[in-house]
Amino acid sequence: MRPPGGFLWLWLLLTFVWIAISSSLAIESVAAGTLISAAMAYVFALKFEIWRGIRFTPQRLYHFILYTGVFLVELVRANINMMRYVYAPRISVNPGIVKVKTGLKSQIGRLALANSISLTPGSLVLDMSEEELTVHCLDMRTIDANDPSRSIVHPFEKHLEKSFG
């Protein structure tokens with residue numbers, strides 16, 4: 001019996017998330033996480049079509065690791081920026097909504113991009129279409145008005161394209 005497409009990639013991803021969340025490399029924890037992740041990956045890959053398009057290659061894994069690093073840097077940068085608002089004696093924000101273009105073709109790539117943007121404080125994806133995201137930004141002064149895609153989408157897009165196609 002052959003596992004469904006995308007199973008291996010999703011299994012590795014879920015196992016990594018399990019180990020990161022549990023913060024333990026004890027054999028019992030890793031074994032339990034590996035088995036639970038395998039069961040979840042099998043069900044998700046079988047039931048949801050979006051996971052079938054993921055192909056596992058060393059190059060894609062490399063770019064996914066790079067994407068994770070870029071995401072963590074952007075997450076820290078956005079949190080520091082939010083700290084400035086929280087600790088400022090007078091809050092001065094300029095909220096707004098912008099539409100940004102994305103060149104990502106795969107559904108899972110666009111989903112990962114939307115989640116990456118929403119997980120960084122100060123921005124939230126309101127709507128997503130084939131090639132465009134509608135994003136609410138807490139402070140429009142931090143966004144390039146002429147090219148909002150460059151400051152919002154660009155940091156993630158390169159590695160997501162190479163990871164998910």
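The values are calculated or read from the model by the stated rules, or taken from the named source; none is laboratory data. Because the structure is predicted, anything quoted here is derived from the model rather than measured. Here Cβ is always computed from backbone atoms with ideal geometry, including for glycine, and neighbour counts include all displayed protein chains. The protein model used for the area step is the full one, side chains on, heavy atoms only, and it has no ligands, DNA or RNA in it. Shrake-Rupley method; radii C 1.70, N 1.55, O 1.52, S 1.80 Å.
Points worth noting:
- With both labels modelled 7 Å from their Cα along Cα-to-Cβ, the ILE80 to ASN115 distance reads 2.6 nm.
- Two-site FRET efficiency, LEU12 against ASP144, from Cβ-Cβ distance with R₀ of 30 Å, rounded to 0.05: 0.25
- Rule-of-thumb Rg ratio for the range 5-50 [Cα; 2.2 N^0.38 Å; N residues]: 1.14
- Heavy atoms of TYR62: accessible area, 1.4 Å probe, square angstrom to 10: 130 Å²
- Segment ILE50-SER151, length gained on full extension (0.36 nm per residue, minus Cα span): 33.6 nm
- For ASP144, the solvent-accessible surface computed with a 1.4 Å probe is close to 40 Å², ligands and nucleic acids excluded.
- Mean sequence separation of contacting Cα pairs (under 8 Å, at least six apart), scaled by the length of the range 39-150, corresponds to a relative contact order of 26 percent.
- Simple point charges give the picture: +1 on the Cβ of Lys and Arg, -1 on the Cβ of Asp and Glu, and for the chain a dipole about the Cα centre of about 180 debye.
- Sparse-neighbour loop sites [GluC sites (Glu not before Pro); the range 67-165; at most 10 other C-beta within 10 Å; DSSP]: GLU130
- Apportionment of accessible area to carbon and sulfur, the range 1-112, percent (1.4 Å): 70 percent
- Kirkwood hydrodynamic radius over Cα pairs of the chain, then Stokes diffusion coefficient at 25 °C and 0.890 mPa s, in µm²/s: 140 µm²/s
- Between helix 58-87 and the chain: long-axis angle, C-alpha atoms, 0 to 90°, nearest 10: 40 degrees
- With all protein chains kept in place, the per residue accessible area of the range 29-76 amounts to 62 square angstrom at a probe of 1.4 angstrom.
- Carbon and sulfur %, accessible surface of the range 114-165 computed with the full protein complex present, 1.4 Å: 51 percent
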